[in-house]
Structure formats: C-alpha cells, structure tokens
Amino acid sequence: MNPGAEPLTKTTCPYCGVGCGMLTDGARLRGDGDHPANAGRLCVKGSSVLDTLGEHGRLLYPRIGQRRVSWDLALDEVAGRFRRVIEEHGPEAVAFYVSGQLLTEDYYVANKLMKGFLGGANIDTNSRLCMSSAVAAHKRAFGEDVVPGCYQDLELADLVVLTGSNTAWAHPIVYQRLAAAKKRRPAMKVVVIDPRRTATCDLADLHLAIRPGQDVALFNGLLRWLHDHDALDRDYIDAHTRDFQAALDAAGDQPLAGLARRLGLPAADLGTFYQWFAETPRTVTLFSQGINQARNGTDQGNAIINAHLATGRVGRPGAGPFSITGQPNAMGGREVGGLANQLAVHLDLEDAAHRAAVADFWGAPALPAEPGLMAVDLFQAVADGRIKAIWILATNPVDSMPEADRVRAALEACDTVVVSDCMADTDTLACADIALPALGWGEKDGTVTNSERCVSRQPAFLPAPGEARPDWWALCRVAERLGYGAAFDYAGPADIFREYASMTGLARRFGKQLDLSAAGDLSDHQYQRWAPRAWPLDGGARCFGDGRFSTADGRARFVACAPPPAPDTNHRRPLLLNSGRLRDQWHTMTRTGRAPALFSHRDEPFVDMHPRRAAREGLEEGGFVRVRGDASEALARVRLDRGLGEDQLFMPMHWSDCFSGRARVDALVPARTDPVSGQPAFKHTPVAVAPW
Ligand code: SF4
C-alpha cells in the first residue's frame, strides 16, 4: 500500500457469515486488523471481491417488461399492482421474498412494511434455506434465537466438534483461526462428523464418516452415554434446565456396538468421541448446513444443544453449541424479523403482548396474528395462484429453491413479479414483470450481523451506477404511494438503524438478549464510525453464561429428539446426493462468476462419486453424467473421490442456467422440509445416475 494515499474505508466482506472486516477504496483491499472476526485475514473469495465490481452486467435502470422506465413510473406500477391485489384479495395475496444479502436497514424496512402496514406476514427469506432449523432449535432450547458463544471460543476450546460443516471451504477464516489455535496448542482435539471426507478433515484428530442423516442418533447416543458414564452436570441440569428426563428417554439405550453399526462407524471411534466429549469441559460443537438442511434439521440442532446443556457447557469461555451462519447478514435478518414466522426484534407473532408492543412502536394499523408462508409453501402459493404479487429482493430463487423448475414456472405464471437486483442477467430476473436496479456492495450503506452477533458497518465508498438505488429507498417510496409515508420517512440508513436499535428495547422488556438500544440515539457521524460490536451491547462476548435463559422461567429446555427418518432412496433412485459450497464460489455466482481467478479452483459443474460406484455405472473420470431426481435432471462432469461412500454423490450448489445450462442442482432437490423450521432438506436427495 502507498503510505501517502487516501485512507481506506472500513467495511465488511459481502460473502459468508464469518463477517470479516476489510479496508478498501475500491482499488486497494486488505483485511482489517482491528476487526474481531478476522484480525486482518481474508480468504481467496474475500480477497477477490474487487474483481467483481464495475458496471458490466449490472442492472442500471428500472424496467417494466423489457421497456426502460423512470423510477417514478416503476414505483407507481409496483404500488398500484400491490394495492389492487390487497383490495381485491386481501394481504395474504401479496408476498416479499428477501435475502441474507440485504443490509439490516433494508431488511428492517421490508419487514415493517409487510407485517406492520400491508397487514400480511408473507415475507420470507433465503435464510429459510440456510439457518431456519438453527433458529428453531435455539428458540426451543433457549427461548430465543441466540448463538451463545463467539469465535474466540473455538480458540479457547480443548475439543472442537465440527458437524455438518466443511468449514475449510464454507467459512475459511474460522477454519484458519482454528488451525492456528491447534498449531499453538497441539493438545487441542478436533473431531469432524461428515459423511464425506472434506478439506476440513485435514485438521481432524478423528473423522466420523457417519451415514447421511444420522446426527440425531449420534447425539442421542452421546446423551445416553454421558448419563451411563456419570458424566452429566447434575447441578446445572437441576438449577437451569427442564425436561431432561424426556430427552433422555427419547435418546434410547442402544449398546455402543449396535449404534456404531447403525451409524456406519467403527465402535472404537464412536467410543473415543464420546469419551473425549465427556472428559473435556471446554468443548465447542460448531454446526452448519449439514445439520440444518435436513427433514429433521431442528431436532438435529436440539440433539447437539441437549449434549451441551447436559454438561453445563453453554455460554462459557471455550464451551458451547455454535451455529455458524451461511450468509453475510442472515443474523441481521433474523434480528429484524425477516422470517415469516417471526415478528421483529426476536418477538413472536403469536404472542398478543408482543404484537401490541410492536404495533404501538411502529404506529402500525394492524399486525397479522398468524405466521406467514415459509419459502417452500410461499412459492407453492405463487404456483397455485393464492399469491398474486411478489417482490423478490437480492436473491435468485429460480436457482436456489428446491424444485427450482417449478419455482420458475410459478413465477412465469404469476400476475406480478417485481425483482430488485444488482445484476441484469439472473434466472429470476428473467421472470420479472418489473425490474428495479439495486445498489451492490461498496455502493450501499448499512450494517450486517455476523455469526457471533457482531454488528459491523458496510458503508458506501463507490458511486451508484446508472440509476441504481438502495433497497430501503425503493421500499419506502412504495410505502409512501400506499399511504404510509409518515412511518417510512427516513432520511437515510442511520435513521433506520436508530429506529431499529431503539426497538430492541422491546426485546429487552420481554426478557430477550437482543439489545442494541444504547445505539438508538447515535448521531449520523457516530453511525458512520460505528466499530464492530456484538449484542447485547451491555453484555460480554457470550450469552447465558450465568445459566439464565430467555424463557419465561429463565430455564433452558431439553428437547426430546425423535430418531432420524428412514432414507428416501429406492430402487429407482438408489443414491443420496449432497450439495454444498465450493471454496471459491458464492451462491449462484452472480458476483463471484465475474472474477476469473475464482474459477482456477473448480471451473465447471461436476459430480463427485466413489470410483467403485462410477465403474458400476459405466462412468469414468472426466466423462459426463446425467443425474436424475424426481423433480428434474442435471448434467455434469464426473470426478472420482474416495472420500465419499459408494451410495453417495456430491455436487456444488453454484451453477445456474446463466453459467452452465444444465447443472442447477437445486432443480433436482424435492421440496421436502423440516416440519418445525420449514427448512428444505437439500442434503439428502435420492437420485440415479447414467452416462450422458
Ligand atoms: Fe469473506 Fe467469509 Fe472469506 Fe471472511 S471467510 S473473507 S467473510 S468469504
């Protein structure tokens, strides 16, 4: 860096939920040494973000159909269409589908407009696909959607259990922190639980290549083992929890050898894991999409939390369950109530006192008393005509939803599809009746919350391209046209943040941890200079360390977790397809696809399979394979990988029609969801393969 150059702007990486701090001016970029998440480190993806900037490929002007129009005309059209649908069919006939890519301020305004003023609750988010099982597990156990710990706990722990997480690729800086800690303290143990041998296993002292979908059985077995080996923290259970016996009864009492056979593991390895967990007070269990994206994702999360409650290891230095989130602002969206079954600031739609407090705070005419439709049901309602107008912001459901072909057909047939996006060429934008150009990273201004509850700034340091505008601005202008201007009269993102931060005082009033209320009177200057801080602002780095939880009686709840459902494979679809992130790509590649260097790791869609499976199917390395699911089929190149079971496949999640033509993995995934969280089961898709 040139020491005489202009100072760099502090911002946050636009990619994963690690939420790394960056210093940049759009031409220079480096990690922010002062940011608690990364202390100056950046991964390959984050380091390449400047290569994705520029006007090429951007959506620069509002459009109605293919016709360029003024913002005024586009906003009149959006407001007019939404008003007509609500008048004729009620607020349940309109929907917003939003994104963990939105800034908290955009998210807050979208949720306030839908739930507070349009009068419906049909606002859901792509975080439903990512973290909603963890949200539900937290609420069941703790009474609130709270990650109790912080990244530092991974460095303080003596045992780190990584389950359902290819941390090395999906959250690289957390992995680097962990690797550095293990290098400093070689006695620290790492256990990786994953059906696949991934890059993360390079750090593992023990890799448990569990059969897919068996995590509840494994953690239920751990609870029973802790009980049988006198390794419970009885005092903690008695003083701070409820329902232990019900969870223990549900855990069963299968002998270790039989359980190990069921899990597909050597009994000695399973016993070693249980022994290490029992004897290591400083244990962190980090879990992610491999846990959440399952038909029993919520139970899987609760089975993990049960083991931590049983040993009193929640919210203590180096100890706790740790759900690491996928997107840069999935946490911020959860805080402001961006899921269809949430209200705002961690309050509940079904609770009359919560609704009254929120309605009073917003001056809102009426709040819905029932949850809205979760993502899969929401797009089904679009398909069958119950939802007649939908506004999609900052996400690409035509590629990322399960049964993605049906989602495309539903949008093509819908009366009104409004899409706000930065990019001009996405599979979802192709379905839009009205397209609104949004600001992207570096152009928009607001805040995000990462996986350890740390709120950081993402300021604007680049000019707006074309006529692109902030999403909050477009939402407010539509609110104005619908007659709600007074409630959406924000001068800028600082105004919105102050309102949101003040509103978290309600959360505190109802005994929640979410508290940013001390930031409710920040000046614009203080907002711009906000240094990364975790909530609750008046608390320490961890929550619940005192054994007091956000439930009405202050006690955590054990949850009786049912045995896992049987796998869905059959003679027509005998293989289980797993999907996930690559190290260097992000979501549907609308941004990372613009950086050529990021294709040097993997440059085309592929299917990983065991060499013996490939031979049995008449396939060989580098050949093309057709992957058939019940919903669709895909084409990709074969890669041989001995790190997979012979009945398993892996495909990356990133390729869309815009990039490859025939490798939209989510088109293969059936729309089956967890009954509690509504999260789709992306991880266990029954498929068949054949040479192309
Ligand atoms: Fe960005 Fe995640 Fe990489 Fe950090 S780890 S630089 S947040 S992609």
How about segment 662-692: which of its residues are small (Gly, Ala, Ser) and either in a strand (DSSP E or B) or free of Cβ contacts under 8 Å to residues at least 24 places away in the same chain (or both)? 688, 690
Kindly indicate whether residue 41 is at pLDDT 95 or above and surrounded by fewer than 20 Cβ atoms within 10 Å (Cβ to Cβ). no
Kindly indicate whether any position in segment 43-58 is in contact with a Leu (Cβ under 9 Å, 6 or more places away or on another chain), away from the ligand (no atom under 16 Å from the Cβ) and farther than 30 Å from residue 418 by Cβ. no
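Are there any helices (runs of 4 or more DSSP H) wholly within segment 119-214 with 1 or more residues that are at pLDDT 95 or above and either more than 16 Å from the ligand (Cβ to nearest atom) or more than 29 Å from residue 33 (Cα to Cα) (or both), and if so which?
Filter on segment 119-214 gives 132-142, 151-156, 172-184.
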Return the pair list, or none, for Cβ contacts closer than 7 Å from residues in segment 250-265 that are part of a loop (DSSP other than H, G, I, E, B) to residues that are among the basic types (Lys, Arg), at least 6 apart or on different chains. 252/224; 253/224; 264/211
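Among 622, 629, which is more than 26 Å from the chain's Cα centre (by Cα) and not assigned by TED's automatic domain parsing to the domain that holds residue 99?
After applying the criteria, what remains is 622.
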Given the conditions (1) aromatic (Phe, Trp, Tyr); (2) outside the structural domain of residue 366 (by TED's automatic domain parsing); (3) under 18 Å from the mean Cα position of the chain (by Cα), every one holds for residue 142 apart from (3)
What tally of residues in segment 16-42 results from selecting those that are near the ligand (Cβ under 10 Å from one of its atoms) and without any contact (Cβ under 8 Å) to a residue 60 or more places away in the chain? 2
Looking at segment 96-119, which of its residues are under 19 Å from residue 132 (Cβ atoms) and small (Gly, Ala, Ser)? 99, 100, 110
Can you confirm whether residue 69 is touching a strand residue (DSSP E or B) at 6+ places or on another chain (Cβ under 6 Å) and among the aliphatic types (A, V, I, L, M)? no
What do you reckon, is residue 662 modelled with pLDDT under 95, touching a Leu at 6+ places or on another chain (Cβ under 9 Å) and surrounded by fewer than 19 Cβ atoms within 10 Å (Cβ to Cβ)? yes
Considering only segment 572-586, I want to know if a residue exists there that is surrounded by 15 or more Cβ atoms within 10 Å (Cβ to Cβ), over 29 Å from residue 140 (Cβ atoms) and over 27 Å from the mean Cα position of the chain (by Cα). yes
When every residue in segment 601-624 that is of a type in the set (A, V, I, L, M, F, W, C) and touching a residue at least 24 places away in the same chain (Cβ under 8 Å) is compared, the one farthest from residue 580 (Cα to Cα) is 619
From the list 589, 503, exactly one residue is part of a helix (DSSP H, G or I), farther than 15 Å from residue 447 by Cα and either at pLDDT below 95 or not acidic (Asp, Glu) (or both). Which is it? 503
For residue 264, the lone unmet condition from (1) at pLDDT 95 or above; (2) more than 22 Å from the chain's Cα centre (by Cα); (3) surrounded by 15 or more Cβ atoms within 10 Å (Cβ to Cβ) is (3)
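The values are calculated or read from the model by the stated rules, or taken from the named source; none is laboratory data. Computed from a prediction, not measured in an experiment: that's the story for all the values here. All Cβ positions, even for glycine, are placed from backbone atoms using ideal geometry, and neighbour counts span all protein chains on display.
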